[in-house]
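Asker: Before anything else, here's the structure in question.
The values are calculated or read from the model by the stated rules, or taken from the named source; none is laboratory data. Computed from a prediction, not measured in an experiment: that's the story for all the values here. Cβ coordinates were reconstructed from backbone atoms using ideal geometry, including for glycine residues, and neighbour counts include every protein chain displayed. Surface accessibility is based on the protein's heavy atoms, side chains included, excluding ligands, DNA and RNA. Shrake-Rupley method; radii C 1.70, N 1.55, O 1.52, S 1.80 Å.
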Amino acid sequence: MATNQNLEQFMAKVIAKNPAEPEFHQAVKEVAESLFPFIEENPKYKGILERIAEPERVFIFRVPWLDDKGEVQINRGFRIQMNGAIGPYKGGLRFHPTVTLSVLKFLAFEQVFKNSLTTLPMGGGKGGSDFDPKGKSDNEVMKFTQSFMTELQKYIGADTDVPAGDIGVGGREIGFMFGQYKRLRSEFTGVLTGKGLDWGGSLVRPEATGYGNVYFAEEMLKTKGQNFKGKTVVISGSGNVAQYATQKATQLGGKVVTLSDSEGYIYDPKGIDAEKLAFVLELKNVKRGRISEYAKKFGCEFVAGKRPWGVKCDIALPCATQNEISPEEGKTLVNNGCICVSEGANMPSTPGAVEAFLEKKILFGPGKAANAGGVATSGLEMSQNSLRLSWSREEVDERLHNIMINIHKTCEKYGKDKSGFINYVNGANIGGFVKVANAMLAQGLV
Ligand code: NDP
Ligand code: 2IT
């Protein structure tokens, strides 16, 4: 009872201090719900969550650029340096019209715990812009990213803050930003991750989030004596994370039957095999087209304006964006027999959907654990940059795989209840918190 009251008071303060930031409130509340009982039992951590919920630093800046018609466009740029207790700030950049301070603060907050779970020395950060790369020419994307980096470069550095990709930021954008950073600073350093292989990138970084998500799901399934073989898998999104989750789930014997984008989803009951996936990669990464074209090409169904959660499946991998599984869709998944939800995206399940998963005690891997493979491999890219060496595909993949296995172990350690049920939400939140909190205590009031 006392604990509940404290939680309510804590959230009231967070909401009052950060008005009109619903996504940030949602992310903080979920972590606080796991942590309050833990802190009650470990009083040395009192007050630390309040500090973690306050960003160390926030930069907001104007990004002016000229479009192909010669007209002036103005976007807003952000970088949140959330927590640097265990390493340089690390986290992606998102370019999407839905980007707000609230969205980036929720992502930066999640990143602190996620990065801690990887066991690598990385603090938490996030940034981006409300710029919409959709429909823009390569030239416009370059103009925008150069202007964005002209300001951002003041705040980042290989030992300070190391951004990477996220929604709307892939190899092309990282390339343009790296070029501009180098030009302004005269430094060839590992200031960004997700770089091209010829100029400091790491093998397996493009695949890492999707692969890591499937490796994590595999560990969860193992606890029930299950695996991917013969399982029907529903995936949302069709970008970086969805693409490589599809590849790894298929390699492990699963049948992936859906992909989506903001216009709807495709349902291919025969499964998205390697050849069809190659078409998706070309469609999305080179032609930058819509997923509905898959349905035309392979003669399957395209369901406009809907998400894929009504399709019967054993395993669901949400890999598009936040709050993309409503409470009702969460219930539908469970009622249709889904046994495992592993979040490739950040916070794709609404609190109501998470409740439905936990109530029925299905395997539910929250994003900060299940999608940590991307940033973990970014950490491995940083290591290789510092060493001025590149590791082989096998070496990076093995390290990634081991990191995901260890994150699963951490979740089990902190999330297993007396009945033997693993609550991965509690496991990830507490497991991620302990290392950051210990570092903050050791470093004094900073
Ligand atoms: P991409 O930009 O490559 O792909 C995003 C996909 O999600 C696209 O299919 C896009 O459709 C869809 N999408 C984005 N926003 C919305 C929306 N508001 N409504 C419906 N669909 C949407 O991004 P990533 O694959 O890199 O990222 C996907 C998720 O994974 C994000 O939540 C990201 O934070 C998370 N993530 C990414 C990591 C990485 O390494 N890239 C690491 C860890 C997590 P459309 O093309 O129509 O916009
Ligand atoms: O949400 C995430 O973890 C990412 N977008 C990847 C961040 C990174 O620094 O690789």
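Asker: Using a 1.4 angstrom probe, figure out how much accessible area the chain has per residue, in square angstrom, rounded to the nearest whole.
Answerer: 41 Å²
Asker: Report the label-to-label distance for Asp138 and Ala278 in nanometres (one decimal), using points 7 Å from each Cα along the Cα→Cβ vector.
Answerer: 2.2 nm
Asker: Cα-based Rg (one decimal) and Dmax (whole number) for the stretch 1-70, in Å?
Answerer: 17.6, 62
Asker: Quick check: pseudo-label points 7 Å beyond the Cα along Cα→Cβ at Gln9 and Glu263, how many nm apart are they?
Answerer: Using points 7 Å along Cα→Cβ, the separation is 5.3 nm.
Asker: Over all pairs of distinct alpha carbons, what does the Kirkwood formula give as the hydrodynamic radius of the stretch 239-313, in Å?
Answerer: 12.3 Å
Asker: Related question: Under 8 Å for C-alpha pairs, at least 6 residues apart: give me the relative contact order for the chain, rounded to a whole percent.
Answerer: Relative CO of the chain lands at 15 percent.
Asker: Using a Gaussian network model of the chain with C-alpha springs under 10 Å, which one of Ser102, Ser260, Ser378 is most mobile by mean-square fluctuation?
Answerer: Ser102
Asker: Taking H as built 1.01 Å from N, whose amide H comes closer than 5 Å to the amide H of Arg94, not counting residues under 5 places away?
Answerer: Result for Arg94 returns Gly127, Gly128, Ser129.
Asker: Per q in 0.12, 0.14, 0.15, 0.16 1/Å, what log10 I(q)/I(0) does a Debye calculation on the alpha-carbon atoms of the stretch 1-152 return?
Answerer: -0.58, -0.73, -0.81, -0.89
Asker: In whole Å, what is the distance between the alpha-carbon centres of the stretch 161-194 and the stretch 300-329?
Answerer: 32 Å
Asker: Calculate the spin-label point distance for Asp67 paired with Ser392, positioning each point 7 Å from the Cα along the beta-carbon direction, and give it in nanometres.
Answerer: Label-label distance for Ser392 and Asp67, simple model: 5.0 nm.
Asker: Take every Cα pair under 8 Å in the stretch 321-373 that's 6+ residues apart, average their separations, divide by the length, and report that relative contact order as a whole percent.
Answerer: Relative contact order here is 44 percent.
Asker: I've got another one for you. Gap in Å between the Cα centre of the stretch 424-441 and the Cα centre of the stretch 356-423?
Answerer: Using only Cα atoms to place each centre, the spacing works out to 14 Å.
Asker: Can you give the translational diffusion coefficient of the chain in µm²/s, computed by Stokes-Einstein from the Kirkwood radius over Cα pairs at 37 °C and 0.692 mPa s?
Answerer: Estimated diffusion coefficient is 150 µm²/s.
Asker: Which translational diffusion coefficient, to the nearest whole µm²/s, is obtained for the stretch 271-338 from the Stokes-Einstein equation, given a Kirkwood hydrodynamic radius over C-alpha pairs, 10 °C and 1.306 mPa s?
Answerer: 116 µm²/s
Asker: Let me ask something else. I'd like the trypsin sites (Lys or Arg not before Pro) in the stretch 1-93 restricted to DSSP loop residues with at most 13 other Cβ atoms within 10 Å, sorted by number.
Answerer: Lys46, Lys69
Asker: Report the relative contact order of the stretch 388-446, percent, no decimals, based on alpha-carbon pairs under 8 angstrom and at least 6 residues apart.
Answerer: About 22 percent, as a whole number.
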